[in-house]
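Contents: one structure, followed by commentary.
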Amino acid sequence: MTRSDPHPSSLPRNAVNFWHVLAQGLISNGPLASMVAALTAAAGYALGALPLAYLLGGLMVFLWINTPYQFSKKLAGAGGMAYFVGRSMGGRWGYLAGVAYVVYYAALLATNIVFFSLLVQSVGPQLGWNMPAGMAYVFTILFVIPSTVLTYLGVRSSLNYGVITALVEMVMLLILSAVIIFSPHTVNTAAVYHPALAAHGISGLAVGALVASFGMSGSTAAVYLGAEAKTAHRTIRAALYLASGLVVLMFIIVSYSLTVGWGYLHMSQFAQSSIPGLLIVQHYLGLKAELLFVLFVLNSLIGMNVASTIVVTRITLTFAHSDLWPKFLGRIHPKYQTPYAAVLTVGAVAVLAGLLAESILGLSNAFLVLILIATMGEFLGHALGNVGLLKFYDRSARYHVIAFGILPALSLVLIAFGVFFTFYPPIVPAVYAPIIMIGSLVLAYFHYGYHLRKRSQPLSEAVLLHFSSDHPEPVPDFEEEKIEVEAE
């Protein structure tokens, strides 16, 4: 297919290079937005030991990305985890993994547009402006427009924006950290690496490290460019590790600077503040710098929305061409070569989810429930990926016990701990999140079964391969590969 094809039936090949894939991995983490939101959540458990929690969380990140990294050695497709698990465990399980990631990123998209309203509500009083009742609904509608337009107009142009914004955000955070660390009023200390400072000691540190790791694990979004990236298998694997490494290194530095900047013995107040990161910016750099950071936090949210939209629309495209979802969602724009119908639909669904959550739960609780739905989707989607990796490679002649056995098993254990500490004890409204997520997977299970009665394999290998960078013929059977190796 060429770019002049008036009726494209697939995504453009070689449309993005390494830097674009790297940008997808970076903006999906939303460095500045994560500093404001995710880091504050981790501080609630780790308190003064927050830098230690991020150091341990960074190690967990590389355990987390082992699964997409190992799959990407052989497979690269727009379906991402749905493609991986589908090739490993069959169409039904691939469908469930895909649905989990659709709910994850769609909920994250809705979370970000709700968080925008919360951010305005928190910063407004500093400028003498209080957000009028009902204005949050307007912001919810407006804030999805930039990411929708960017992803509609082309994957390359949207990730050109991503490359720039990701680098600017990281530089801003490192400059802030340097100002705090080298300030004559800052007391730099290694005490922040003592687990006793965490809430309830080791247990609080462990949960804080889990929260930190999940907040830095967004680089997995890079695998959904598998059909569009140049030399996809190599490019995606390199981007996974480099994006994760940059994000982890940055947050190890940022978590230390914010902790000593606030005062490591007073981190309980940090965790209870709505925007502690921005308050630190104001303290060290002034109100104008804080407002500049606010603007770039909004930009960071837009970047996360771009990455989320790319993920959801690529999975949606795969399902639409498998006749599992409405066919119109599989339409590709003749000029921009993007799944434009899916892009518009995802934006509309995110707005509706945000408005519905806000009207039922209120702004703060809407943010809480939506972010927990996204968290639960990430947990379950990645758990299916881990099981898929175990099964996929148990047929391989080149089986490596650590990479394909021990690491995904440990990742499953961490996910189990993450689910437990996130949702136990069950409280309202947080308990709505696992109910919604598990309900979505149950419906998906039976929905697939309904289509299974019509044909042997609804999520067919042919469709998965069509939206991939892999050889159009089936991958050779690993048992045959093993026999050949033994014969040699």
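The values are calculated or read from the model by the stated rules, or taken from the named source; none is laboratory data. Because the structure is a prediction, the values reported are computed rather than measured. Heads up, the Cβs are rebuilt from the backbone with ideal geometry, glycines too, and the neighbour counts pull from every protein chain shown. What goes into the accessible areas is simple: the full protein's heavy atoms, side chains included, and nothing from ligands, DNA or RNA. Shrake-Rupley method; radii C 1.70, N 1.55, O 1.52, S 1.80 Å.
Side notes on the structure shown:
- Per residue solvent-accessible surface (Å²) - the chain, probe of 1.4 Å: 39 Å²
- Taking amide H as placed 1.01 Å from N in the peptide plane, the amide H of GLY30 sits under 5 Å from none that are at least 5 places away or on another chain.
- Among 84-92, 456-464, the order from most to least packed when residues are scored by Cβ within 10 Å on average: 84-92, 456-464
- Count, lysine Cα pairs under 25 Å in the chain, 8 or more residues apart or across chains: 10
- Of the trypsin sites (Lys or Arg not before Pro) in region 321-374, those whose Cβ has at most 13 other Cβ within 10 Å and which sit in DSSP loop: LYS335
- Peptides 356-366, 18-28 ordered by average Cβ neighbours within 10 Å, highest first: 18-28, 356-366
- Span from the region 137-211 Cα centroid across to the region 30-88 one, whole angstrom: 13 Å
- Per-residue ³J(HN,Hα) for region 457-468, Karplus 6.51 cos²θ - 1.76 cosθ + 1.60, θ = phi - 60°, Hz, x for Gly and Pro: 8, x, 8, 6, 5, 4, 5, 4, 5, 4, 9, 9
- About the Cα centre, charge dipole magnitude for region 350-476 (Lys/Arg +1, Asp/Glu -1 at Cβ), debye: 340 debye
- Cα gyration tensor, the chain - rounded (a/c under 1.5), prolate or oblate: prolate
- Computed in the context of the full set of protein chains, the accessible area of the chain at 1.4 Å probe radius has 68% of its extent on carbon or sulfur.
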